[in-house]
Amino acid sequence: MNTIFLGMGTNLGDRQQNLQRAVDGLAAGMTITAVSQLYETPPWGVDEQPAFFNMCLAANTMQTPDQLLPFIKNLEKKIGRTPTYHWGPRLIDIDILFYNNDIIIEPDLTVPHLHMANRAFVLAPLADIALDFLHPQTGKSVEQMLDAVDKMGIRPLPNTTSRIPSKA
């Protein structure tokens, strides 16, 4: 069994519903063990677009990284993601932040996520569910990484967590 942490974001349409659809779809291929609250965050990279809702989840899965990535990409497409420009608006974006304590460097997949340590919109929700988790390359905890970044504009949305689907 593999422990994974995923980060998700959306800034188009019904943002909370987009994230719930992602959680529901992910539950088909893994056992979700924790979800963060939702955060409203400013756009990153390109300012002229709507604010994002971001969240993270923890899960256990039997999928290998080579199985997990296409599973996620197919789910994004099923939810309605279409390619835009780099750092542009999106209906859903799902990133693999951590896969166990593995370091994976492949042409189409880098884990831990390459830029996560510099992004409060990833670290704030991740801290809700993995405050003490250590980055396998830097040895820093999620809490330490979050303390080191600018959190301007990162706003937790009270009483907003996605429902974890039950396995029937």
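Every read-out reported here was derived from the displayed coordinates using simple, explicitly stated rules and does not represent laboratory data. Treat the numbers as computed from the prediction; the structure is a model and nothing was measured. Heads up, the Cβs are rebuilt from the backbone with ideal geometry, glycines too, and the neighbour counts pull from every protein chain shown.
Pull out all pairs, ordered by first then second residue, where Cβ-Cβ is under 8 Å, the residues are six or more apart or on different chains, the first lies in segment 87-113 and is on the phi > 0 side of the Ramachandran plot, and the second is in a loop (DSSP other than H, G, I, E, B) and surrounded by 14 or more Cβ atoms within 10 Å (Cβ to Cβ).
Short answer, once both residue conditions are applied: Trp87/Pro43; Trp87/Trp44.
So for segment 141-162 (the condition being surrounded by fewer than 14 Cβ atoms within 10 Å (Cβ to Cβ), assigned to a loop (DSSP other than H, G, I, E, B) and hydroxyl-bearing (Ser, Thr, Tyr)), does at least one residue qualify?
no
Consider Ala58 carefully, then state whether it is within 25 Å of Phe133 (Cα to Cα), surrounded by 17 or more Cβ atoms within 10 Å (Cβ to Cβ) and touching a strand residue (DSSP E or B) at 6+ places or on another chain (Cβ under 8 Å).
Yes: the conditions hold for Ala58.
Tell me which residues, restricted to segment 97-130, are in a strand (DSSP E or B), surrounded by fewer than 20 Cβ atoms within 10 Å (Cβ to Cβ) and of a type in the set (Val, Ile, Thr).
The answer is Ile104, Ile105, Thr110.
Filter segment 26-36 for residues that are small (Gly, Ala, Ser), surrounded by 14 or more Cβ atoms within 10 Å (Cβ to Cβ) and within 12 Å of Ala59 (Cβ to Cβ) and give the result.
Answer for segment 26-36, where residues must be small (Gly, Ala, Ser), surrounded by 14 or more Cβ atoms within 10 Å (Cβ to Cβ) and within 12 Å of Ala59 (Cβ to Cβ): Ala27, Gly29, Ala34.
Give the residues of segment 114-126 that are among the aliphatic types (A, V, I, L, M) and in contact (Cβ under 8 Å) with a residue 24 or more places away in the chain, sorted by residue number.
Result: Met116, Ala117, Ala120, Val122, Leu123, Ala124, Leu126.
Residues are listed down the side, and each one gets a yes or a no for (1) charged (D, E, K, R); (2) more than 18 Å from Ala148 (Cβ to Cβ):
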| site | (1), (2) |
| --- | --- |
| Pro65 | no, yes |
| Asp95 | yes, yes |
| Ile104 | no, yes |
| Met116 | no, no |
| His135 | no, no |
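Here's the yes/no breakdown for (1) assigned to a helix (DSSP H, G or I); (2) surrounded by fewer than 13 Cβ atoms within 10 Å (Cβ to Cβ):
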position	(1), (2)
Gln20	yes, no
Leu38	no, no
Glu48	no, yes
Asn54	no, no
Leu69	yes, no
Ile72	yes, no
Lys78	yes, yes
Leu91	no, no
Ile94	no, no
